Each structure stands twice: as structure tokens, then as C-alpha cells.
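Quick notes on the structure that follows.
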Amino acid sequence: MTKIFFSGNMQSPFIQGDAELLKEDHEVFILNSPARPLQFPLFIFKCFQQVLNIRNSDIVWIWFADYPALPLVIISKIFNIPTVVNVGGFEVSKIPEINYGNQLKPTRGFVSRWIIRNATRVIIPSPCYEEKIKNLIPQANVVMIPNFIDASMCDIKLPQKENLVVTAVCSKHAYAYKGIPIFKRVSGMIPYESKILENLQREEYEDNLKRAKVYCQLSRDETFGISLVEAMACGCVPVVNDKGALPWIVGDSGIIVPYGNAWVTTASILEAMDMDGSKARERARCFNREKKQEAIGHLIGSIL
């Protein structure tokens, strides 16, 4: 059985999901990475405490090409252990108008580039970031493996849809990136109830998605968009920006609007209210656990 040393912030549901998926077929040791910069010195100490576990692993699997990955990649290189680094997007981004991206910061940007350059494989969850990474780090060995949702959401019986428009965000720190200001502006221009789903318990979050008719994702950029796919699985008609992975995720199951255009977005929400969400449910089904598990199996096989 393959031994995998896994590191990521285990408070993130999608990172937890990856760890659980790997555990089904492999022996996995988990090192929780820090959520705050002040925890980084202690994390470095923990990394060196785990040198033997790293040395005895077949692969080191890391979420995000950021500071916490640095000691793990260095130790792995010393012992010639292959590394897989999952890129979240911010590591290779430079968006000054919303102060987003590691590449705005000389030191942090250099660290991210070094990690990506020295990783055995770099996973991106959508095609849109491959060109961006290759332009920044031509030596990067990139493979595209989409994130996944629980595809059983696509089959649950839904209540009668309401004239409700929703979006989701993890915290107020992400408002600018997730396009919340433009969503608030558009909310004042439509004759429907609108909600921002922020820090809700899972049951309440899913209940809103089941009742909502339209889901908006108006992000400045997006590497994937798990909440978007979950909303589609719950039969929401997606209205999304023409940025990052959003058009690729939605395909022809929703409406794509120009970033920052409140008038077009408003008109598109009105149009989406008359659309059926069944096409979005079928599109969401493409991003299932089984496909990711198969892709990860092929990736691990190619490395070993």
C-alpha cells in the first residue's frame, strides 16, 4: 500500500475530502498546516519532527504552494521523495485592484514559484490556470484534476423553487475577490429576495441552495468553485462571471456575464428566473468523487 504524507489545513472541507479519498486506497499520515501566519514557526518545528515519517513515505501530498509547503518540499528533496502540490490559485495570481495574489508580494511570490518549480507534480482543478502557471513557471509539471462534490446532491428531491437569488462566501476577507460588492449592487436592482450565504451550518446552507432559483458567482477570479457546483447540483440556475474557471464549470447550463457589469448581470438574473435548473444538475454530476479518485490513481501510478 502506498504511503502518503498529507499536509493541508484540515478545517477546509475540500481538503478534508481529499484526505478521506486518499485514505480509501492508501496509507495516509496527516499533518495539519497552519491557518494563521503566527502559527508558521511552530509548524516548521513540527515538520522537522516528522522527518522520519516523510522519509518513509512514497509521496508527500501538499495543499497550496505557500509558506507551509516550503519546509516539506525541502525535506522531500533531501530524501528524493516525490511531491504533489495542489495549487489554489492565489499562489500564482497578481490582481492589484483587490490586493489579491502571492505574486504581488516579492518574497511570498518567489516562495510560491520555487515550490511549484520543484514539485514533482502540480495539480490544478480547472484548465484556466495551466497557461497562467506555465507562463510564470515554464518548468512546472502540471496536471488537471477537478475538485469534487457529493454527486448524490444531484438526485435529491427538491422543494418548490422560490424567487430567491443567492451567493456564498467563506468570510468578509473574501468579499472583494468573490464579487460581493457587485452582488449587493445587483440585489438592489432585482425584484427578488437575495441572500449572501456566509458561515452557515451545513444543513442551513444546503436548505438555501435547495430553495433558491438562481445562484450567482461574480468572483474576480476563480480556480474552481465548489459552492457553485453544489448550487448547480441543487438545481440552481447559475449566473457567473466570465473569469477563471467559472465559464468552464457552467458550460451551457447557465448564463455567463461580463465581470463587473451590474446591468447585464441584473438582466441575466431576470432571464435565469425563467430557466430550468435540470441542465445545471446534470453538469454538476460531472464533478463527482469517482472521477477524481480515478484521476488520482492514475497520477500516483505515473509518479511511482
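The values are calculated or read from the model by the stated rules, or taken from the named source; none is laboratory data. Bear in mind the structure is a predicted one, so any value in this text is a computation, not a measurement. Please note: Cβ atoms are built from the backbone with ideal geometry, for glycine as well, and neighbour counts cover all protein chains shown.
Screening Ser268 with (1) out of contact with any strand residue (DSSP E or B) (no Cβ under 6 Å at 6 or more places or on another chain); (2) without any contact (Cβ under 8 Å) to a residue 60 or more places away in the chain; (3) polar (S, T, N, Q) gives one miss only, at (1). Within the range 236-248, residues that are without any contact (Cβ under 8 Å) to a residue 24 or more places away in the chain have Cβ atoms under 6 Å from residues that are part of a strand (DSSP E or B) and of a type outside the set (Ser, Thr, Tyr) in these pairs: Asp242/Ile256; Pro247/Ile256, counting only partners at least 6 apart in sequence or on another chain.
Would the range 42-49 turn up any residue that is of a type in the set (Val, Ile, Thr), farther than 28 Å from Gly225 by Cβ and out of contact with any Cys (no Cβ under 8 Å at 6 or more places or on another chain)? Step through it out loud before you land on a result.
Kept after step one, since they are of a type in the set (Val, Ile, Thr), are these residues of the range 42-49: 44.
Next cut, farther than 28 Å from Gly225 by Cβ only: 44.
After this cut, where a residue has to be out of contact with any Cys (no Cβ under 8 Å at 6 or more places or on another chain) as well, the list is 44.
There is at least one residue in the range 42-49 that is of a type in the set (Val, Ile, Thr), farther than 28 Å from Gly225 by Cβ and out of contact with any Cys (no Cβ under 8 Å at 6 or more places or on another chain).
Does the range 194-207 include one or more residues that are of a type outside the set (D, E, K, R), more than 19 Å from Pro238 (Cα to Cα), touching a strand residue (DSSP E or B) at 6+ places or on another chain (Cβ under 6 Å) and at pLDDT 95 or above? No, every residue in the range 194-207 fails to be of a type outside the set (D, E, K, R), more than 19 Å from Pro238 (Cα to Cα), touching a strand residue (DSSP E or B) at 6+ places or on another chain (Cβ under 6 Å) and at pLDDT 95 or above. Out of curiosity, is Glu162 touching a strand residue (DSSP E or B) at 6+ places or on another chain (Cβ under 8 Å), surrounded by fewer than 20 Cβ atoms within 10 Å (Cβ to Cβ), more than 18 Å from Ser126 (Cα to Cα) and touching a residue at least 40 places away in the same chain (Cβ under 8 Å)? When the stated conditions are applied, Glu162 passes them.
What pairs come up if the first residue lies in the range 130-141 and is over 14 Å from Ala65 (Cα atoms), the second is among the charged types (D, E, K, R) and in a helix (DSSP H, G or I), and their beta carbons are under 7 Å apart, counting only those six or more places apart or on different chains? Taking only residues 6 or more apart or on different chains, the pairs are Gln139/Arg117.
Select from the range 139-180 the residues that are assigned to a loop (DSSP other than H, G, I, E, B) and closer than 25 Å to Phe90 by Cβ and list them in ascending order.
At the first step, the residues of the range 139-180 found to be assigned to a loop (DSSP other than H, G, I, E, B) are 139-141, 145-148, 150, 156-163, 170-171, 179.
Passing the criteria: Gln139, Ala140, Asn141, Ile145, Pro146, Asn147, Phe148, Cys170, Ser171, Gly179.
Criterion first (within 27 Å of Lys132 (Cα to Cα) and free of Cβ contacts under 8 Å to residues at least 24 places away in the same chain) does Asp274 satisfy it? Answer is no for this residue.
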